[in-house]
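**Q** This is the structure, below, for whatever I ask next.
The values are calculated or read from the model by the stated rules, or taken from the named source; none is laboratory data. Worth saying up front: this structure is predicted, and the values here are computed from it rather than measured. A quick note on method: Cβ atoms are made from the backbone with ideal geometry, for glycine too, and the neighbour counts reach across all protein chains shown. Side chains are part of the model used for accessible areas, which takes the heavy atoms of the whole protein and leaves out ligands, DNA and RNA. Shrake-Rupley method; radii C 1.70, N 1.55, O 1.52, S 1.80 Å.
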Amino acid sequence: MAVQVLTSIKTHHHGPTVLRRRRPRHFLHSSMEQSKKTESSYAVDPPPFDPLAPAVPISYPLKSLDELESRVYFKSFHFPFNQAAVKLPAGGKDPLPQRPRILVCHDMQGGYIDDRFVLGTFIMEGDEGTLNINKVLSTKTSAQMYAERLTELAVALGFDGWLENFPKLSADVAGDRKYDVYMGIDVFGRGTYGGGEWMTNVALDVIKKYDVSAAIFAPGWVYETKQPPNFQTAQNRLIFILFTVIVMHFCFKEASYSGGGNITFRGTLGNNPEFTARLFQGELLFGNFPVHFTYSVKSSGNSLLGLALQSSNATNEKRSIFLAASRSTLLTMNQFSSQFTKVIMPHRVTELEAEPGWIMQESSINMKGHILREIWAVCYSSKPRKSVVAADDKNHYHGPSEYYAILGDIKVTSSGDNTKFPPSTSWLVDGQFVSWTSGPNGSKLLSVKISWKLKDGNADLFTKYNIYVSKLTNKLSGNHRELVEGGQDYIGVAVVNSFYISKLEVPSGISSLKFVIQVCGLDGGCQKLEDSPFFLLQSTRLIPLPTLLLQQAIIYQ
């Protein structure tokens, strides 16, 4: 298994309130003031964190070797919420290329603020860490036991492994899995070899020397520390240092196509008629249906931007497809036909009125049985450059050509991706840890954990679940009463088959609550709300405490 992402998490506290007595600030001597002195003054201490108690789901760190050894994490209320939504590859096959890799772990202002979908961490550092690591490695049996516990936790939560620091020793032990060893580099420079910051590449050079992989932590250093002269320039400088990129950089100054940043290509096309930059490397299996590529581009002058696709099949037959830009069809064919297995012109080009200057280019290909390995951006010109015939009778291009284009986004879809959602009766939906407390203005506060699973079938086909609630009232209609359903309010999204609702306010007069679990598929489509599984919860009538005591007094009399 290869390392994915590990990060430090803030721990939140839930549970009963603990009061401690606070010493009065002054002692006064009048009879009235003296009586006030007898009144206790209290301050609230944070309650101890109880991982077994129902609470808003969080991820939290293991704090001792005893917690790891006893497997107490698996008993936690929060455990099912912390399982990774992206499943590991089947059969334990490592899909990553056999070469040094770079993992970037974003960290913003000391941690993840919303940590319901991130992983935990097990860190041993400082004097206490030295004692712990000595205990772990005290005997071969001890080391094996703790390694098994860490492996069990990684598999159960669905992440790939644990982060290691020592690169040469780790690589020697890892053998043919040395590329699965990631050396951590903190861009802030906290204990990092070379000091981090603008010298982060010093540690990268050591990693290259020992031929292992790198994990870069907290690249948000540029933004958090307000590096001069401005964020965009400083960010591009850091990217240049880390990834040795030249004419390609991230652009935040230009208006983006749909939020976030863009990739800008700016410079000159010199002796080569085009410039290429790899955007994606991985494994994307093409199915039996055509695959549609849609990408947004904003360019100036004669600048064109296309996409080059590299794929292979089970017999290692390699194919290269060029998805060309919309202009200069004849020029494009002449320039690229000899370089690619196939050149495809876009079948649809749309100018976006709401986003001036942006165009959407759509192309389709059929590559049944092939695996997409790489996507490259190809920068070229719509205007042929002048050529001269040299003494060897060969054409030679000359003169630089100014180039400027922005890539906004890329979308890959399949016509066979449309998800078929199971009917609501195919799901088992349950509610646990139901808790009602008094709320303001006669309302009630509900906390409940809702879980669901398919009776038969594989729920891994669904990427997320939108949670809605409808509040039902019992109204008189003629001679009988009927439930009237109100509007559906969005509560949140779940990436696992459970969702915890904490202190939902339920106004007085509401008789029932209907929680709807809207199932969403790989293609981004979601089931209709009226066809989605749901959980119906009867509202519990709460009697205010003074009224309850009065009733008891009457009964006793």
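**Q** Work out the FRET efficiency for Lys368 and Ser337 from their Cβ-Cβ distance, taking R0 = 22 Å, and round it to the nearest 0.05. Provide the component values of the computation, followed by the final result.
**A** Working: r = 23 Å, r/R0 = 1.04.
Approximately 0.45, to the nearest 0.05.
**Q** On a full-extension model of 0.36 nm per residue, what is the gain between Thr151 and Asp127, subtracting their alpha-carbon distance, rounded to one decimal in nm? It would help to have the intermediate numbers written out before the result.
**A** Details: separation 24, 0.36 × 24 = 8.64 nm, distance 2.51 nm.
Result: 6.1 nm gained on full extension.
**Q** Within the accessible area of segment 405-462, what % is carbon and sulfur when the probe is 1.4 Å and the other protein chains stay in place?
**A** The value for segment 405-462 is 47 percent carbon and sulfur by accessible area.
**Q** Let me ask something else about it. Report, for segment 260-353, the % of DSSP beta bridges that are antiparallel, rounded to 5. Walk me through the numbers on the way to the answer.
**A** Numbers: 6 of 9 bridges.
Of the beta bridges lying entirely in segment 260-353, close to 65 percent run antiparallel.
**Q** So, one more: I'd like to check one number: the per residue accessible area of segment 419-502, probe 1.4 Å, reported in Å² as a whole number. Walk me through the intermediate numbers first.
**A** Numbers: 4690 Å² over 84 residues.
Per residue, segment 419-502 has an accessible area of 56 Å².
**Q** Rounded to the nearest 0.05, what FRET efficiency do His347 and Ser382 give with R0 = 22 Å and r taken as the Cβ-Cβ distance? Could you check? Show your work: numbers first, answer last.
**A** Values: r = 19 Å, r/R0 = 0.86.
It comes out at approximately 0.70.
**Q** Order the following by accessible area, largest value first: His370, His106. Probe radius 1.4 Å; ligands, DNA and RNA are ignored. Display every interim value, and only then the final one.
**A** On the way: His370 10, His106 90 Å².
Accessible-area ranking of His370, His106, largest first: His106, His370.
**Q** How far apart, in nanometres, would the label points at Leu445 and Thr419 be if each is projected 7 angstrom from Cα along the Cα-to-Cβ direction?
**A** The two pseudo-label positions are separated by 3.3 nm.
**Q** Here is a follow-up. Roughly how many nanometres apart are two label points built 7 Å out from the Cα toward the Cβ at Val434 and Leu169?
**A** It works out to 5.6 nm between the two label points.
**Q** Right, another one. Tell me, what is the per residue accessible area of segment 127-248 in Å², probe radius 1.4 Å? Provide the component values of the computation, followed by the final result.
**A** On the way: 6740 Å² over 122 residues.
Using a 1.4 Å probe on heavy atoms only, each residue of segment 127-248 averages 55 Å².
**Q** Here is a follow-up. Of Lys449/Lys475; Lys75/Lys135; Lys168/Lys464; Lys411/Lys449; Lys411/Lys528; Lys464/Lys503, which ones are farther than 32 Å apart at the Cα? Don't skip to the answer; put the middle values down first.
**A** Working: Lys449/Lys475 28 Å; Lys75/Lys135 25 Å; Lys168/Lys464 41 Å; Lys411/Lys449 35 Å; Lys411/Lys528 24 Å; Lys464/Lys503 23 Å.
Exceeds cut-off: Lys168/Lys464; Lys411/Lys449.
**Q** Over the heavy atoms of Ser138, what accessible area does a 1.4 Å probe trace out, to the nearest 10 Å²?
**A** Approximately 80 Å² of Ser138 is accessible to the 1.4 Å probe.
**Q** Another question, then. Could you calculate the FRET efficiency of Tyr223 with Ser511 from 1/(1 + (r/R0)^6), where r is the beta carbon distance between them and R0 is 60 Å, rounded to 0.05?
**A** 0.75
**Q** Between Lys475 and Ala53, what length in nm is gained on full extension when 0.36 nm per residue of separation is reduced by their alpha carbon distance?
**A** Numbers: separation 422, 0.36 × 422 = 151.92 nm, distance 3.69 nm.
Extra length from Lys475 to Ala53 when fully extended: 148.2 nm.
**Q** Right, here's the next one. Quick check: residue separation of Phe243 and Ala314 times 0.36 nm, minus the Cα distance between them. What number comes out in nm?
**A** 22.4 nm
**Q** Now, a different point. Quick check on my link table: of Lys368/Lys455; Lys140/Lys178; Lys368/Lys420, which ones sit more than 29 Å apart, alpha carbon to alpha carbon?
**A** Numbers: Lys368/Lys455 32 Å; Lys140/Lys178 22 Å; Lys368/Lys420 22 Å.
Lys368/Lys455, as the Cα separations exceed 29 Å there.
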